[in-house]
1. List every residue pair whose Cβ atoms lie under 6 Å apart, where the two residues are 6 or more positions apart in sequence or sit on different chains, the first residue falls within segment 68-83 and is farther than 26 Å from L134 by Cβ and surrounded by fewer than 19 Cβ atoms within 10 Å (Cβ to Cβ), and the second residue, located anywhere, is at pLDDT below 55 and not aliphatic (A, V, I, L, M).
2. Name every residue in segment 14-48 that is among the hydroxyl-bearing types (S, T, Y), loosely packed, with under 15 Cβ neighbours inside 10 Å and either part of a loop (DSSP other than H, G, I, E, B) or in contact with a strand residue (DSSP E or B) (Cβ under 6 Å, 6 or more places away or on another chain) (or both), in order of residue number.
3. What residue, among those in segment 197-223 that are within 13 Å of the chain's Cα centre (by Cα) and at pLDDT below 95, is surrounded by the fewest Cβ atoms within 10 Å (Cβ to Cβ)?
4. Return only the number of the condition from (1) without any contact (Cβ under 8 Å) to a residue 12 or more places away in the chain; (2) in contact with a His (Cβ under 9 Å, 6 or more places away or on another chain) that L136 does not satisfy.
5. Looking only at residues that are assigned to a helix (DSSP H, G or I) and of a type in the set (G, A, S) in segment 1-13, which one is surrounded by the fewest Cβ atoms within 10 Å (Cβ to Cβ)?
6. Can you confirm whether G170 is surrounded by fewer than 17 Cβ atoms within 10 Å (Cβ to Cβ), closer than 19 Å to I95 by Cα and not aromatic (F, W, Y)?
7. Looking only at segment 33-49, which residues are touching a Gly at 6+ places or on another chain (Cβ under 9 Å) and of a type outside the set (A, V, I, L, M, F, W, C)?
8. Can you tell me how many residues within segment 51-65 are crowded, with 24+ Cβ neighbours inside 10 Å and closer than 15 Å to N281 by Cβ?
Amino acid sequence: MPTDEITAAAAGTWTLGDRTVNRMGFGSMRITAHPDRERAVAVLRRAVELGVNHIDTAAFYVSPGGTLDVGDGPPRFATELIRAAFAPYPDDLVIATKVGPGYDPEGGFTEALTPERLRAQVEENLRRLGRDHLDLVNLRAYKRPTPVPLADRFGALAELRAAGLIRHLGLSNIRPEHLDEVRDIAPVVCVQNAYGVDAYREDDAFVRLCGERGIAYVPFFALAGTRREAGASAEANEAVLAVADAHGVTPHQVRLAWTLHQGPHVLAIPGTGNPAHLAANVAAGAVRLTPEDLARLG
């Protein structure tokens, strides 16, 4: 497949609130790990050249620690790389960010459970991105009980939306019942949960529910699966390998194609710091799986 000739438009579009985006987007978590800052910025720009107009990020996407360690230099924030790549921003580019977890250069990773700390995280996103408003803010929730109800935290973001600092709201890492908890507070335009062809399939019904309600479902770890932050593996199950061979594409492209085939409301946000992998990911939006392929993968 001549990947450089295929753009993100091949995946079709979806409307997040009042913003139409190509269903093949870009996740910015992994670019913070790239040792060459300019190359990371170049990958972001190349994504947009390939038609990506939906970029996912978070203020806690930062270089130090774990798999994102790039050495002893200052922390590298994905939001600041995005600003370096695009400010002033194209009108059609949608930046989706997340709040809940946070990163303090002195204190490390933290959790924001109070309205005050959530507002501080929104302001941090605005500052690092260089924006006067945020297109989409996803509240990353916790499936475990917390001392502050989800509705109270979402309500704090709804107030910032009413004040014009946020355009649209979403939820991340949630259970289906959480949608009902916030239904009367503000519209939810998307749900971000871990999900993939052979991981987290217990959420199949939740994916369908979001489609019925007109809510975008935006899987993260669609490539990495249960490896999560460790990233995608070269290994693939037999069904994925067989479908990839039949279509002359890579197993990673089959995983992304399967994701997009779960409904017109399902968006993909694969991330990479490799320009060749970026082109291949975008090209996966042009892979058309047959009913037999889907049955085999299912």
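1. none
2. Of the residues in segment 14-48, the ones among the hydroxyl-bearing types (S, T, Y) are 15, 20, 28, 32.
So of that shortlist, the ones also loosely packed, with under 15 Cβ neighbours inside 10 Å come out as 15, 20.
Of everything in segment 14-48, just one residue is among the hydroxyl-bearing types (S, T, Y), loosely packed, with under 15 Cβ neighbours inside 10 Å and either part of a loop (DSSP other than H, G, I, E, B) or in contact with a strand residue (DSSP E or B) (Cβ under 6 Å, 6 or more places away or on another chain) (or both), namely T20.
3. Narrowing segment 197-223 to residues within 13 Å of the chain's Cα centre (by Cα): 216-223.
Narrowing further to those that are at pLDDT below 95: 220-223.
Numbers: F220: 23, F221: 21, A222: 27, L223: 26.
Among those residues, the one meeting the criterion is F221.
4. (1)
5. First pass over segment 1-13, keeping only residues assigned to a helix (DSSP H, G or I): 3-5, 8-11.
If we keep only those that are of a type in the set (G, A, S) as well, we get 8-11.
Details: A8: 26, A9: 17, A10: 19, A11: 28.
The qualifying residue surrounded by the fewest Cβ atoms within 10 Å (Cβ to Cβ) is A9.
6. Details: surrounded by fewer than 17 Cβ atoms within 10 Å (Cβ to Cβ): no; closer than 19 Å to I95 by Cα: yes; not aromatic (F, W, Y): yes.
For G170, the condition - surrounded by fewer than 17 Cβ atoms within 10 Å (Cβ to Cβ), closer than 19 Å to I95 by Cα and not aromatic (F, W, Y) - is not met.
7. The first filter runs over segment 33-49 and keeps only residues touching a Gly at 6+ places or on another chain (Cβ under 9 Å), leaving 33-36, 39-40, 43, 47.
If the condition is that a residue be touching a Gly at 6+ places or on another chain (Cβ under 9 Å) and of a type outside the set (A, V, I, L, M, F, W, C), then H34, P35, D36, R39 are the ones that fit.
8. Count: 4.
The values are calculated or read from the model by the stated rules, or taken from the named source; none is laboratory data. The structure presented is a predicted model; accordingly, all values stated were derived computationally and were not measured. When we count neighbours, we look across all protein chains shown, and the Cβ atoms used for this are built from the backbone with ideal geometry, even at glycine.
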